[in-house]
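Where a number appears in this text, it was derived from the coordinates with a stated rule and is not lab data. Bear in mind that the values here come from a model prediction, so they are computed numbers and not experimental data. Note that we place each Cβ from the backbone using ideal geometry, even for glycine, and neighbour counts take in every protein chain shown.
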Amino acid sequence: MSLEKKIYSPWAFSENEKEKGHINHEIYKELKDKAEVIYQNELDKITDEMKKQKAYLLDYKHGYAHTDYKVLSNPNSLTNLELALVCDGGNLCFGHSVNGNIITISTD
């Protein structure tokens, strides 16, 4: 049985988990040119013109079993789910949540 091509979050410890992970990674490959994760030390290198070209997500804060990312730009109107997939490098096995412009990726 083949699964629908969509982003799965979360998918760890579920039926067809390997296929869900593979589908997420394939979708990530399609999205990674439209969005990029940056770190605090790279923040001053991102210009307003660059923000008009693709989404930028700041690796913002790390906590117990999660990482927060701040959406700095999203000119291509990617969904929060698509942005979360980019933040987690094509994974999302443990899920995510969104609160305003902060995307939280569960890491365990």
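The HN-Hα couplings worked out from phi for region 59-73 by the Karplus form 6.51 cos²θ - 1.76 cosθ + 1.60 (θ = phi - 60°) are 5, 9, 7, 10, x, 5, 6, 7, 9, 9, 10, 9, 6, 8, 7 Hz, whole numbers, x standing for Gly and Pro.
Extension gain for Asn76-Ile102 works out to 7.6 nm (0.36 nm per residue, less the C-alpha to C-alpha distance). Cα to Cα, under 23 Å, and not fewer than 8 places away if on the same chain: which lysines meet these conditions relative to Lys20? Counting by Cα, and skipping residues close in sequence, Lys20 has these lysines nearby: Lys5, Lys6, Lys29, Lys32, Lys34.
Between the helical axis of 17-31 and the longest alpha-carbon principal axis of the chain there is an angle of about 30 degrees.
Backbone N atoms of region 85-108 closer than 18 Å to the 7 Å Cα→Cβ label point of Lys61 belong to residues 96-108.
Comparing mean-square fluctuations of Asp33, Asp48, Asp88 from a GNM of the chain with C-alpha springs under 10 Å, the top value falls on Asp48.
The residue among Phe94, Leu31, Ser9 whose Cα reaches farthest toward the positive pole of the charge dipole of the chain, with charges on the beta-carbon of Lys, Arg, Asp and Glu, is Leu31.
Averaging the sequence gap over all C-alpha pairs within less than 8 Å and six or more residues apart, then dividing by the number of residues, gives the chain a relative contact order of 29 percent. Under 5 Å from the amide H of Ser73 lie the amide H atoms of Tyr56, each residue being 5 or more positions distant or on a separate chain, with H modelled from the backbone and absent for Pro and chain starts.
Within the chain, antiparallel bridges make up roughly 80 percent of the DSSP beta bridges whose residues both belong there.
Calculated [222 nm] ellipticity per residue, helices only, for the chain: -7000 deg cm²/dmol; basis is -39500 (n - 2.57) per DSSP H run with n ≥ 4, divided by all residues, nearest 500.
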